[in-house]
Amino acid sequence: MKRTNLLLLAAVVVIAALPLILPLPGGLAEPFAGADAQAQTAITAANPDYQPWFTPLWEPPSGEIESLLFALQAALGAGLLGYYLGLRRGESQRRKSDADPARLDAQAVDARD
Amino acid sequence: MHIMEGFLPPVHAAVWGLASLPFLVMGARSVARVTREHPRAKLLLASAGAFAFVLSALKIPSVTGSCSHPTGTGLGAILFGPAVMAVLGAIVLLFQALLLAHGGLTTLGANIFSMAIAGPWVAYGVFRLARTLGGPLALGVFLAAALGNLATYLVTSVQLALAFPDPVSGFLGAVTKFGSVFALTQIPLAIIEGLLTVLVVNLLIQFSRDDLDELAFAPGVVR
């Protein structure tokens, strides 16, 4: 099981890193731009008259602040998920060791001493 | 898949908002039912939301030379049913609209429809179908998460094409155009999302069998 999970993680890392190693496709305005921004560019290119009728109430004042908030979002998500999995892992291990007769014998020895 | 603030004409923005509304109401009721009937699974529900939170924050490079992000909504959809993800996905999208100027309030309805409704329902449908047909659980989980991810981006392409049909080739031409921005880029990311979802389900089966039994998820699958 552990091996399967490590293989899964390794595959994820390879798929994510491969584009950085492979040669970039030609004709890119900017390497690794966001697809969302590209769609926006496509809209403005095909519809030069379109005026966005609403602007964000607040924008991160710099790329640094933006990356701070993205990192915060990822950290909150990963933190909670890690807490949950760690909690359940601890519970399942405690249950296993409670049910383990060798452990019970050891406890009995402890009790006699 | 985030349509930027102000980038859908008002009528489109309103229609997608109205279309998402019943799913949000259904989702809120579904969340209430899960927490009432399965109090033990509450933390798992929050964790499914957390999975969407972290995955949609990760912008990952793709072979097309652009970056995009997974959605993470397939996991919650197959564990709790697709309805809850409307609410959990909307929270993620609201966070990004308000704090990151990523997506927007006027486009929130459309973005909820693609990421928090269409993706989860496709993921759920694919998962049910895969379970009915048999085959390994992991394959069903992988296909559900990956195809749910692709469905989200397909819906975004359709939403943009409806609002901005191509002057020459019309709606279909525009679907192809926006689809080409998203679809190819998204394929490796959909695979990544599928693999990560299988990984989390593996860990759940290993450590959290009780919570899965509570939800009657994949009964009988033990590690």
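The values are calculated or read from the model by the stated rules, or taken from the named source; none is laboratory data. If you're wondering where the values come from, they're calculated on a predicted model, not measured in any experiment. Note: accessible area is taken over every heavy atom of the protein model, side chains too, but ligands, DNA and RNA are not part of it. Shrake-Rupley method; radii C 1.70, N 1.55, O 1.52, S 1.80 Å.
Pull up all non-local amide H partners of residue A:33: gap of 5 or more, or a different chain, and H-to-H distance under 5 Å with H placed in the peptide plane.
HN-HN under 5 Å from residue A:33: B:67.
I need the helices of chain A that pass two filters: whole DSSP H segments spanning 27 Å or more by Cα along the axis, and mean Kyte-Doolittle score no lower than -1.0.
What comes out of the filter, once short or polar helices are dropped, is A:2-21, A:63-99.
Mind checking which aspartates and glutamates have their C-alpha under 17 Å from residue B:59, skipping anything on the same chain fewer than 8 residues away?
List returned: A:30, A:36, A:64, A:66, B:193.
For q = 0.13 Å⁻¹, what log10 I(q)/I(0) does the range B:10-214 give under the Debye formula with an equal point scatterer on each alpha carbon and no solvent?
Evaluating at q = 0.13 Å⁻¹ gives log10 I(q)/I(0) of -0.69.
What are the ³J(HN,Hα) values, in whole Hz, obtained from phi via the Karplus relation 6.51 cos²θ - 1.76 cosθ + 1.60 with θ = phi - 60°, for each residue of the range B:91-107 in sequence order, with x given for Gly and Pro?
5, 4, 5, 5, 4, 6, 5, 7, 9, 10, 6, 10, x, x, 6, 6, 9
Could you sort A:3, A:89, A:94 by their accessible area in this structure, using a 1.4 Å probe and putting the largest first?
A:3, A:94, A:89
Pull up the cross-link candidates among the aspartates and glutamates for residue B:177, meaning alpha carbon to alpha carbon under 12 Å and not fewer than 8 places away within one chain.
B:166
More than 21 Å apart: what percent of Cα pairs in chain A qualify?
71 percent
List every residue whose amide H lies under 5 Å from the amide H of residue B:103, counting only residues 5 or more places away in sequence or on a different chain, with H placed 1.01 Å from N in the peptide plane.
B:5
Quick one: Kirkwood hydrodynamic radius for the range B:126-215, alpha-carbon pairs, angstrom, one decimal?
About 14.8 Å for the range B:126-215.
Let me see the P(r) profile for the protein assembly as shown: every Cα-Cα distance counted, bins of 20 Å, each bin given as a percent of all pairs.
Over the protein assembly as shown, the share of Cα pairs per 20 Å bin runs 30, 54, 13, 3, 0 percent.
Can you tell me the alpha carbon radius of gyration of the range B:1-96 divided by the globular rule-of-thumb value 2.2 N^0.38 Å?
1.21
Counting only residues 5 or more places away or on other chains, whose amide H sits under 5 Å from the amide H of residue B:60 once H atoms are built in the peptide plane?
B:68, B:69
Give the cross-link partners of residue A:2 among the lysines, using a straight C-alpha distance below 23 Å as the criterion and excluding same-chain residues fewer than 8 apart.
Excluding near neighbours in sequence, the set is A:96.
Which ³J(HN,Hα) values in Hz, rounded to whole numbers, follow from the phi angles of the range B:52-66 under the Karplus curve 6.51 cos²θ - 1.76 cosθ + 1.60, where θ = phi - 60° and Gly and Pro get x?
Ordered by residue, 3J(HN,Hα) equals 5, 4, 6, 5, 7, 8, 9, 8, 10, x, 10, 4, 7, x, 10 Hz.
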